[in-house]
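These notes concern the structure reproduced below.
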Amino acid sequence: MSPSNPPPQALGQAPLEPAIEAQLAALVASNPGQGSIEEYRAIWSVIAARCPCDLLVFGVGRDSALWLAANAGGRTVFIEHEAEWIAETRRRLPTATIAAVRYTTRARWWRWYLLRPARLWLRDLPPEVAERRWQVIFVDSPQGYRPSTPGRMMSIFSAARLAAPGADVLVHDTDRTIERRYGDRFFGEENLIGAARTLRCYRIPQAR
Ligand SMILES: C[S@@+](CC[C@H](N)C(=O)[O-])C[C@H]1O[C@@H](n2cnc3c(N)ncnc32)[C@H](O)[C@@H]1O
């Protein structure tokens, strides 16, 4: 643990205000196989604590409207690789800013990439994303549930480069090896400040 960080805490246990709880419960009910109520509470709370902030979200989905609302008045950019999900999100949320990217990895090669991290930078990020340092980053994309899916090596490595000093970085699905190993390697195991089920939160040191 970094000297400046408290011990990791259990996040997302306490209910939020009723209007937000109702939105989170509706999302969980309509979005099977994605986040749990504890995880969505934790993400909401981390974003809302910094709002208005520069928020970068890897992955769109039925949760996207919530993160825009949690960061009302701030700058929120989504990074997405699936054309259908980009189109669907633009239809539902016409004002959302979405940057299209391509992931060139396969989850099965995660060990190989761990030794060659320079290959993991997402080169097609637009300058307005690549040249900014982000205060909150949420990594929930691309898919990594099978060896033939891209895996989150590029999104996690790129998030580590894009994080501002003092940023909070959330990583979902850390019950999986890639998310855990890459998260600890690139954000620093010692910087883990909290978790909710399979969601981890790292706080990037002020000086690195
Ligand atoms: C783990 S999903 C992101 C889920 C989203 N953060 C949520 O909680 O609703 C990762 C990728 O799968 C696609 N996707 C988004 N929502 C999905 C859903 N409900 N079911 C299947 N795939 C989804 C998108 O391409 C997204 O980048």
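Miscellaneous remarks
- From the C-alpha gyration tensor of region 1-116, square roots of 5λ in Å: 25, 22, 15
- Neighbourhood net charge (10 Å Cβ-Cβ; Lys/Arg +1, Asp/Glu -1) for GLY194: +1
- Value of [θ]222 nm, deg cm²/dmol, for the chain, DSSP H segments ≥ 4, -39500 (n - 2.57) each, nearest 500: -9500 deg cm²/dmol
- The chain, dipole about Cα centre (Lys/Arg Cβ +1, Asp/Glu Cβ -1), debye to the nearest 20: 780
- Mean Cα-pair separation over length for the chain, i.e. relative contact order, pairs under 8 Å, 6 or more apart, %: 22
- For the chain, the residue among ALA72, GLY33, TYR103 whose Cα projects farthest onto the positive side of the dipole built from Cβ charges is TYR103.
- For region 9-203, a/c is less than 1.5, where a ≥ b ≥ c are the root eigenvalues of the C-alpha gyration tensor. That puts it in the rounded class.
- Distance in nm between pseudo-label sites at ALA207 and THR97 (7 Å out along the Cβ direction from Cα): 3.1
- The stretch between ASP175 and SER30, if pulled fully straight at 0.36 nm per residue, gains 50.0 nm over its current Cα-Cα span.
- Sorted peptide list for 72-83, 119-130, 13-24, criterion being average Cβ within 10 angstrom, highest first: 72-83, 119-130, 13-24
- Whole-angstrom gap from region 12-45 to region 144-208, using each part's C-alpha centre: 21
No lab work stands behind these numbers, since they all come straight from the coordinates. Since the structure is predicted, the reported quantities are computational estimates derived from the model, not experimental observations. Neighbour counts run over all protein chains shown; Cβ positions are idealised from the backbone, glycine included.
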